[in-house]
Structures are given as structure tokens and as C-alpha cells.
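> Starting off with a structure, shown below.
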Amino acid sequence: MQTLSLLLSDDYTLHGPVFVQEPSHIMFPLDSEEKKVKLSCEVKGNPKPHIRWKLNGTDVDIGMDFRYSVVEGSLLINNPNKTQDAGTYQCIATNSFGTIVSREAKLQFAYLENFKTRTRSTVSVRRGQGMVLLCGPPPHSGELSYAWIFNEYPSYQDNRRFVSQETGNLYIAKVEKSDVGNYTCVVTNTVTNHKVLGPPTPLILRNDGVMGEYEPKIEVQFPETVPAEKGTTVKLECFALGNPVPTILWRRADGKPIARKARRHKSDGILEIPNFQQEDAGSYECVAENSRGKNIAKGQLIFYAQPNWVQKINDIHVAMEESVFWECKANGRPKPTYRWLKNGDPLLTRDRIQIEQGTLNITIVNLSDAGMYQCVAENKHGVIFSSAELSVIAESPDFSRTLLKRVTLVKVGGEVIIECKPKASPRPVYTWRKGREILRENERITISEDGNLRIINVTKSDAGSYTCIATNHFGTASSTGNVIVKDPTKVMVPPSSMDVTVGESIVLPCQVTHDHSLDIVFTWSFNGHLIDFDKDGDHFERVGGDSAGDLMIRNIQLKHAGKYVCMVQTSVDKLTAAADLIVRGPPGPPEAVTIDEITDTTAQLSWRPGPDNHSPITMYVIQARTPFSVGWQAVSTVPELVDGKTFTATVVGLNPWVEYEFRTVAANVIGIGEPSRPSEKRRTEEALPEVTPANVSGGGGSKSELVITWETVPEELQNGRGFGYVVAFRPHGKMIWMLTVLASADASRYVFRNESVRPFSPFEVKVGVFNNKGEGPFSPTTLVYSAEEEPTKPPASIFARSLSATDIEVFWASPIGKNRGRIQGYEVKYWRHDDKEENARKIRTVGNQTSTKITNLKGSALYHLAVKAYNSAGTGPSSATVNVTTRKPPPSQPPGNIIWNSSDSKIILNWDQVKALDNESEVKGYKVLYRWNRQSSTSVIETNKTSVELSLPFDEDYIIEIKPFSDGGDGSSSEQIRIPKISNSYARGSGASTSNACTLSAISTIMISLTARSSL
């Protein structure tokens, strides 16, 4: 079947008319300047359809009225006339395939005439009375809107005044003195925008009194039934006269709330419901109320919807003598009725044609049934059309596109079906031949109604050529194919079920015999899923030859347990062989580990066994974890060994008041399994503390203080809440202990202050523990000294001297006179003259040492120094400040032009004299540093000359450096010089030598650039 979209997209395909655009309703302004109406109609079809039009069921004769013309299917009306041209139009399209009619389109003319009367009578009313001024619009067509002018100004609407858009009348609920004047009704045609004014109506007040109060009288109310179309905006009007001025209230009679989308206008005189839906339908009430009473107007909103297609009909191409069934469905309110058209004319039930609402059934189709069909769904609010083409095919059998399969392969004992599907209409009669003989049906050979040949229990004798012959009213055709019979495939060595252990490797065999003229394919599935040998190549591999599809499984894991199926396939058969693989491995994780009971040091656990993975569980191990442990730790249990049939155990040796969680690990002869999920977290009960603080010591502090320190007890060993420390101390040799309680688990220091505490006096000290359960033990007693007094006297006889450009030495004497604080050492403070004293550097000595060396100073710089004695209490008073100036820096130029000569058993080194710069110390001599190549220790020779003699290196190379020295220290060193071991009596060299030994003649010279790096 070809779809409508395919027909539309292919202009070269022959097909019936199809509407692209159908005419729509038109409201034409009678005073339009265009003076032309266009009713659109666009149709596709091949051959190109002919278009004609109907007005009110009668053909429009284009030739008889020059005002009418059809342009590309659309109807153009020049100088339209409301008397002649108003009505209902339809577009009819026809080609050789049939006729279709469009939906109906109404052409109406919008106009608004002038008011006929020029004056209106004066209206006289009492003050406080309600009043209605009638508009009485002139003849018109099209929707109108109304407004009123009061004394030449637009009359505004409020809770006293209301203009009905249904009647145009002006309502004043209670007339006031300010209402006296002339009133004019303004009518506007919303289509043409033409506006006309009615004659003015004068309003005056009567002099015979004022109208008293009275209950509301509803003058504007909506009808008892209001039809409302789906999706439209519904407006209900309600206004009442009364004194006092009534208020307007809207509500639903069924008690349901009015939809939130609803809006109220004109002081509640209009209820507007946009996008009207089924749930908005129902009974509505307008309540007008004042102090004198109330009145109610009621009306029913009735939901209606034009028909809307749910299921359309589609084109059908059918062979002769077959049946056609169409069904169309539409929604609408009221429920739509259906009728059918063929080529634009009504179609009724008769003979082979059965119509029932939206269904059409045609049996034993013939050529006369071809044409264009339309399903029409309609209710009183609208009509819709759905069109489709019925093509009846009549042709002789044709195999050109559906030849029999040239070769069909089948195995001995198998079944073969040879399809015979010629194109033919009506359906042909089928006969079959094998070779030249007509094929007769029997218990093995059958021919189906649609022509297919079926042979079961195939034998070798069934091989040969087969011809299908198809015949109908219009002719006969045939097609031939061959059947080749092959030997069946058989599994000779199938896979067998096995028990294996995790980590092993096995081969599942799958070996067959088959017809070698056929290709064979082996595939394996595991638990119903094909094995991907590329993706799972780490474990699975196909092995074997042409007739074997063995499966090797390496390093078997628990996940590999299950059903394995070998599938063998050729072009004629397919067979399978299956085996189950049981994998034995370490147990799975136990389940539901529960803490049944917990004390301060024990926990009663229970659990359920997990899978044993085909090997009995031999034992369980319990592990615990706390916030203080590093991961999971094995714990002691009762019984000590938990066998595989025991599912409870008591954990012992726990710390009190610690949050624990537990897990269980199962084991069997194969190995240890995965641990269970952790149990819930539970805290052990509280108990007296047992662990005392470690490293109780102290000392130091300020005058009259005893400082006691200790290491805090870890939280996991505090055994309960409210943990703290009891500090006990007494002077050495005394009997009575002084106690202090520190109610903090984090306390690690206590300072006792009392003027009676003598400096550096010994105290016996111990620290105990307690918690909410009571007191625990004390630590062992230790001896701690009270704070000592800082030294009270300064060092004497301060003296400093410069050693070099970077070093000075300081000397002092112990304090003179009685010093109350013991001296542990001395602190030397020094700073450069250009720096501030508060940035001074400090070094300390220990014990009785009364001198020290200060290094890493700047040359030629003035330094200030002072010395203090110190002990654990602090530093004493400072000595007097002394000054010292460092010496000039040593020479920065290294020795140059170094030459060495060998003679007899000596090496003679010579170099140029180094001259110091003006800001450098004078050269006092030179240091020659030398060592054997393989030794790390260096020897030094000092000389005030520019030469030196060394013994000849017979066994190893020399490594030599030379640098000047002065009062400012050692100067810059030369580059390292390598002198090779020499077997000759004479040799000479200069600068840095290579490491390669040289064979020299009796007197030879080695010249090497001073800039070369030595290869040390």
C-alpha cells in the first residue's frame, strides 16, 4: 500500500485527486475596497484534476456569469453581491481515478446600516430608581460591539452602569442626579470596523419624590442554556437594578469552584472563561444582592465540539475478488454521525457493500469498485471529510520480481518450504512439477493455499528441479528452482558437565561430523548470552580444527558457573549441545551480621551463612573496626575457633565505651571468602578506667611554679564518659599528698603556683584517672623539680677577637659574686652595626664553656656582642656590649699558570703569585691540597713561596688544588689538577690534566689548557 505522503511527493505516480488546501468560511466586508472574494482550493493528482464549484448544492456556471472565474482551482468572485453570492460553497475535484468533494465553506457579507430614527423620547425617572436605555441596533451582518456617549463624552462603566454586549442596552442600577443628560448608543461592526451613532436619548429626573430602597432586580442575564464550543472564550453577562446598588457574585450551582483561569470584568458584570473545556460545562449562577435582599439568575453552559478526526482512511490497492475494509473515527460533541461518498455521490448499503457508521466493507471487489471514497463525519456544529483512493488490480501471474529461489539446501530428514509468490490479480491457482512430472500431494508433500510447497522428512530422492505454475483469468506463468539434499550434521563429542575449582583451566569439547561441502560455524553461549571472544579473551578461547569448536576456559572464577551451549550451524541445519559447569570456590560473604548483646568488654554476634560455592564452610573469622583502628582487625572469640556449622560467637577483649562494628569472613578448603557487610555500629558499656597516663614528667615554668606534664590517655582507653585526671604531688620526703582534679580528657599539663615553692625543689608526682564509673589507678611515682630562678648576675670580662673575614671568637668569665639561679649555659647575642639590635642573632653554649666561635659573618664589618647566662627559667642580665671588626675578605683571585715538572722521585709545582685587591687581605702564603685518586682524605701543605715539591705518584694519580690564605681566611681555589702516575723519570705538565696516562719520552711536555674541565 502506498501512503498519501508518498503520492504527494511523487508527481509522476498516477493517482486520484488529493486536497492540499480546502476552502474556509469567509466574512466579506460589503464596503471593502478590494471588491473581490477568493475561495481557495488546491488539489494534486495525476492526471491533473478538473475543478468545479457548487453554491448551495448547485453547480456554479463559470460561462454564464462573467463575475466568476476559477484560477488554479480557487474560485474568484468579482464585485460580490450579498443577495446572489452569499451561501455555502464546495470544491469538486475529478480525474480519471474519481471525484472528491471539499468541506463546505460559507460566504457571508458583513455590513452595518444607519439608524432609521433621528430622535428619541425623553426618559423621565425618579432619583434612586433603576433604568434601562435601549439601543436598538440597525440592520447588520457580522459581530457588533456597543458603547454609549453621555453628553458627548464616553460613558464609563462601574458598579452602577453596565453596557450589554448582547443587546447594546445601557443599564443604570440606581439613577443619581449626575446621570441627567443626553445618551447616545454607538454601534461598531467588528468585521468592517464601521461605526454608527444612534439618536440621543435625553434623561431627566422627576419631581415627584425619590425612589425608596428595594431588592435587586436582574435585568441582564444569560440564557437558560448557553452552547459553548471547545477552546473558545465564553462570556456570561449579569447585571441588576436596585437601591442600594447591588453587588454581583458568580458561582457554580454544583458547588465546584469556578476555574482559576476565569476572569471577571465590569465590576463583576461579565464572567469570562477562556479556552472552554468539558470540565467547565455545568450550571452557573449569578447572585445579585443588596441590603434589601437578593436575586439569582441561573443558566446551563453546554459543551459542544465540532467533529475532529481520530482515524482517517488511507489509499488501498487491492487485487480483484479480494475484500476492502475501511474504518474512520471522529470525536465531537454531540457524537458525530457518518456517511460515505463514492466519487462525490452518496454510497448506500447494497449487495457486496456494507456500511455501518464509520465502517465500509466491500467484498469480492471488481473493477467497477475502483474510485475515490470519502468518509464524512458530522454533527450540528460541523462537517469533516477524509478521502482515499481504491485501486483494483487486474493482471496475469508475473514472476519477474519474485522468481523461485534458484537453489534451496536441505538436510536428509529435514523440512523444506519453497515459496511461490507471483504477482497476480485475482489470486491464481497453483500446480507444481518435479522435473517434467506433476507433483501430487501426500503425507510428506503439501501445497498451501498461497502456493508454497512443503516437503517433510526429506530424502536424497527429493533432490531435483521444482517448477511452480500459476494460472488466473488473465494468463499463466511459471518459475523453477532446485533442491539440493545434504547429509545432516552430528555432534560426535559433546561437552560434558564438570565440577572445577576456582583458578583452574578446562576445555569443553564440541566435535562434529558434517557435509564438507558446507561451511560450518561454531558459537558458544553462556547462561543464554553469546560469548564475545574478543571482549572476554582473558578467560574464553576457541580451540580445535575445522570440525571442532572446543571452548577453553582459563583461570575459572565463580562467575563462570552456569550453562554452556555449543551451537553448530550450517546452511542446512542447526544443532546444539549443552553442559553445566559447577565452580567450587571460597565461600561467599555471610549475611545479616547482628549484635545480639553487648557488655563493656564482650559482644554476642549472630549471622546467616552465605553461599558455600560448592565447598562446605570449615570456619568463620570475626573482625572488628572502631574509629581508632587502622582498618579491620581480627578479634578473639568464644569459642576460640568458630566452625562452619556455628553461626553465633562471643567477641571478647573489647575496650569499654568504644563504638564497634563487626563483620564475618567464611573459609573453606579452597580459601578465604569475601567479608560480610558490616553490622550496625554499637558502643560497649562503660567501665572503670584501667590505663594510666604515660611519661609523667615536668619541670621548668616560672618562679614558684611546679609544672607537671603527661601524655593523655587515648579516647579508646578511657572506658567511659566524664573522663579526667587526678594530679597528686608532694615535696620529696613528705607524707601528705596534694590532689587536684582536672575534668578534661584532653588535659596534659598542670601548673601548681605557690610562693612557698622553692626554686628547683624535688617533688614526688603521680597522675591518676577517673570517669563516670569511678576512679582508676595512678601512674608510678616520679620525681619532678619545681621551676628554678633565672640567673641573677651577668657574665664578666667579655672579650672578642676577629679570626678572619667570616669568623670571630668571644670569651667571657663566670658571673662574679653569689648567683641565685643555676647556670645551664650561656647565650651570645650579636648583630652588625648597620642592623637593629632586635634583629640580632643568638647562639647558645652548654655547661661551663666560656668561649665560642661565630661564623658566616661579613668581611670588614663592625659587630656588637653581649652575653647572658641562662637556665630553664630563662636568661639572666646581659653583660656589657663589646665591639669587634671582622678582617678584610681573602683574595678572590685563584692562583694561575700552574705548571708541574717531574724529576727523579719528585714533582715540582709552580704558580704565579696572587695579588690582593685594595679591599682584600694581603696574601700570607698558599695552601696546596692533594690526595690520591682513590682516597677521600686530603693532605695540606702550607708555604709562603709560589712552588712546592711532592713525591712522585707511581701507583695512583694525584688530585691537587692550590689556594692563597690571608688574615681574612682562605682565598679562591684553583681548578682541580690531575697528575697521572708516571713510569718515566721526567715529565712536565700545566693546568688540569686528563685521566689518561701518557707514555713520555726521556723529557716530554704535556700542555693542557687551563680552561678545560678535569675528568674527575
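> Taking region 373-477, which GluC sites (Glu not before Pro) meet the DSSP loop condition and have no more than 15 other C-beta atoms within 10 Å? If you can, show how the numbers build up before the last one.
Details: sites: Glu378, Glu389, Glu395, Glu415, Glu419, Glu437, Glu441, Glu443, Glu449; in loops: Glu415, Glu419, Glu441, Glu443, Glu449.
In loop regions of region 373-477 (DSSP not H, G, I, E or B), the sparsely surrounded GluC sites (Glu not before Pro) are Glu415, Glu419, Glu441, Glu443, Glu449.
> Under the Kirkwood approximation applied to all pairs of distinct alpha-carbon atoms, what is the hydrodynamic radius of region 807-893 in Å? Mind dumping the intermediate values first?
Values: mean 1/r = 0.0709 Å⁻¹.
So the Kirkwood estimate lands at 14.1 Å.
> With the cut-off at 20 Å, report for region 10-139 the share of all Cα pairs above it, as a whole percent.
Numbers: 4795 of 8385 pairs.
Of the Cα pairs, 57 percent sit more than 20 Å apart.
> Quick one: how many Å² of Met619 are accessible to a 1.4 Å probe, rounded to 10?
Counting only protein heavy atoms, Met619 exposes about 70 Å² to solvent.
> List the lysines whose Cα lies under 28 Å from the Cα of Lys116, skipping any in the same chain that are fewer than 8 positions away.
Straight-line reach from Lys116, under 28 Å: Lys35, Lys82, Lys195.
> Now a separate question. Translational diffusion coefficient of the chain at 4 °C, 1.567 mPa s, Stokes-Einstein with Kirkwood Rh over Cα pairs, in µm²/s as a whole number. Could you put the intermediate results ahead of the total?
Working: Rh = 47.6 Å.
Taking Rh from Cα pairs, D becomes 27 µm²/s.
> Moving on to the next point. Round to a whole angstrom and tell me the spacing of the C-alpha centers of region 20-96 and region 724-766.
Cα centres, region 20-96 to region 724-766: 118 Å.
> Can you list the equivalent-ellipsoid semi-axes of region 207-275, largest first and in whole Å, using the square root of 5 times each Cα gyration tensor eigenvalue? All intermediate terms of the calculation are to be shown ahead of the outcome.
Details: eigenvalues 180, 30, 25 Å².
Result for region 207-275: semi-axes of 30, 12, 11 Å.
> Using a 1.4 angstrom probe on the protein heavy atoms only, line up Glu504, Glu920, Glu229 by accessible area, largest first. Don't skip to the answer; put the middle values down first.
On the way: Glu504 80, Glu920 20, Glu229 45 Å².
The most accessible residue leads, giving Glu504, Glu229, Glu920.
> I've got another one for you. HN-Hα J couplings of region 957-968 from phi, Karplus 6.51/-1.76/1.60, θ = phi - 60°, integer Hz, Gly and Pro as x?
6, 8, 10, 10, 10, 10, 9, x, 10, 8, 4, x
> Shifting gears a bit: In whole angstrom, and with the biggest value first, how far do the Cα coordinates of region 783-932 range along each principal axis?
Here the spans come out as 74, 39, 24 Å, largest first.
> Could you give P(r) for region 390-429, binned at 5 Å from zero, as whole percent values over all Cα-Cα pairs?
Bins of 5 Å from zero give 6, 19, 20, 18, 13, 10, 8, 4, 2, 1 percent of pairs.
> Relative contact order for the chain: what percent, with Cα pairs under 8 Å and sequence separation of 6 or more? Don't skip to the end; give the middle numbers.
Numbers: 2717 pairs, mean separation 44.8, N = 1016.
Rounded, it is 4 percent for the chain.
> Please list the radius of gyration and Dmax for region 711-760, considering alpha-carbon atoms only, with Å as the unit.
Rg and Dmax of region 711-760, Cα atoms, are 13.8, 39 Å.
> Let me ask something else. Around Ala424, what is the net charge, scoring Lys/Arg as +1 and Asp/Glu as -1 over all other residues with Cβ under 14 Å from its Cβ?
Working: positive: Arg401, Lys421, Lys423, Arg427; negative: Glu321, Glu322, Glu395, Asp398, Glu449, Asp450.
Charge balance near Ala424 sits at -2.
> Only loop residues by DSSP count here, and only those with at most 11 other Cβ atoms within 10 Å; note down the trypsin sites (Lys or Arg not before Pro) in region 42-140 that meet that. Please report the intermediate quantities before stating the final value.
Values: sites: Lys44, Arg52, Lys54, Arg67, Lys82, Arg103, Lys106, Lys116, Arg118, Arg120, Arg126, Arg127; in loops: Arg67, Arg103, Lys116, Arg118, Arg120.
In loop regions of region 42-140 (DSSP not H, G, I, E or B), the sparsely surrounded trypsin sites (Lys or Arg not before Pro) are Lys116, Arg118.
> How much accessible area per residue does the chain have, in Å², with a 1.4 Å probe? Mind showing how you got there, number by number?
On the way: 54110 Å² over 1016 residues.
Computed with neighbouring chains in place, this is 53 Å² per residue.
> What figure, in Å² to the nearest 10, do you get for the accessible area of Asp59 with a 1.4 Å probe and non-protein molecules left out?
Surface open to solvent at Asp59 totals about 90 Å².
> Take the residue pairs Lys54/Lys312; Lys36/Lys106; Lys703/Lys842 and return only those whose Cα atoms are more than 21 Å apart.
On the way: Lys54/Lys312 25 Å; Lys36/Lys106 16 Å; Lys703/Lys842 24 Å.
Distance filter (> 21 Å) returns Lys54/Lys312; Lys703/Lys842.
> Something else about it: Can you tell me, using C-alpha contacts under 8 Å and at least 6 residues apart, the relative contact order of region 501-590 as a whole percent?
Numbers: 159 pairs, mean separation 32.0, N = 90.
Result for region 501-590 is 36 percent.
> Quick check: at a probe of 1.4 Å, how many percent of the accessible area of the chain sits on carbon and sulfur atoms?
Values: 25760 of 54110 Å².
Its accessible area is 48 percent carbon and sulfur atoms.
> Please work out the C-alpha center-to-center distance from region 392-420 to region 778-850 and express it in whole Å.
If you average the Cα positions of each part, the centres end up 117 Å apart.
> Can you compute the helix-only [θ] at 222 nm over the chain? Use -39500 (n - 2.57) per DSSP H run of at least 4 residues, normalise by all residues, nearest 500 deg cm²/dmol.
Values: 2 runs with 10 residues, N = 1016.
Taken over the chain, the calculation gives 0 deg cm²/dmol.
> Ranked by accessible surface with a 1.4 Å probe, highest first, in what order do Glu775, Glu659, Glu686 come?
On the way: Glu775 130, Glu659 65, Glu686 40 Å².
Descending order: Glu775, Glu659, Glu686.
> Please list 3J(HN,Hα) in residue order for region 109-120, calculated via the Karplus relation 6.51 cos²θ - 1.76 cosθ + 1.60 where θ = phi - 60°; whole Hz, with x for glycine and proline.
Per residue, the Karplus-derived 3J(HN,Hα) values read 10, 9, 7, 8, 8, 7, 4, 7, 7, 9, 9, 10 Hz.
> Right, another one. Which of the lysines could a cross-linker span from Lys563 if the Cα-Cα distance has to be under 24 Å and same-chain partners fewer than 8 positions apart are dropped?
Lys563 reaches Lys490, Lys535, Lys574.
> I'd like the Karplus ³J(HN,Hα) series for region 401-408: coefficients 6.51, -1.76, 1.60, θ = phi - 60°, whole numbers in Hz, and an x wherever there's a Gly or Pro.
9, 9, 4, 4, 4, 4, 9, 10
> Would you mind checking which residues have amide H under 5 Å from Val769's amide H? H placed 1.01 Å from N; only 5 or more apart, or other chain.
Amide H neighbours of Val769: Val726, Gly776.
> Students often forget the sequence filter, so: which aspartates and glutamates lie under 15 Å Cα-Cα from Lys927 once same-chain residues fewer than 8 apart are removed?
Within the straight-line cut-off, Lys927 pairs with Asp912, Glu942, Glu949, Glu961, Asp967, Asp970, Glu975.
> Next question. Assigning unit charges at the beta carbon (Lys, Arg +1; Asp, Glu -1) and nothing else, what dipole magnitude in debye, to the nearest 20, does the chain show about its Cα centre?
Working: 113 positive and 114 negative charges, 508 e Å.
Around 2440 debye, computed over the chain.
The values are calculated or read from the model by the stated rules, or taken from the named source; none is laboratory data. Note that this is a predicted model, so its numbers are computed, not measured. Methodologically, a virtual Cβ is constructed for each residue, glycine included, from the backbone with ideal geometry; neighbour enumeration extends over all protein chains shown. Surface accessibility is based on the protein's heavy atoms, side chains included, excluding ligands, DNA and RNA. Shrake-Rupley method; radii C 1.70, N 1.55, O 1.52, S 1.80 Å.
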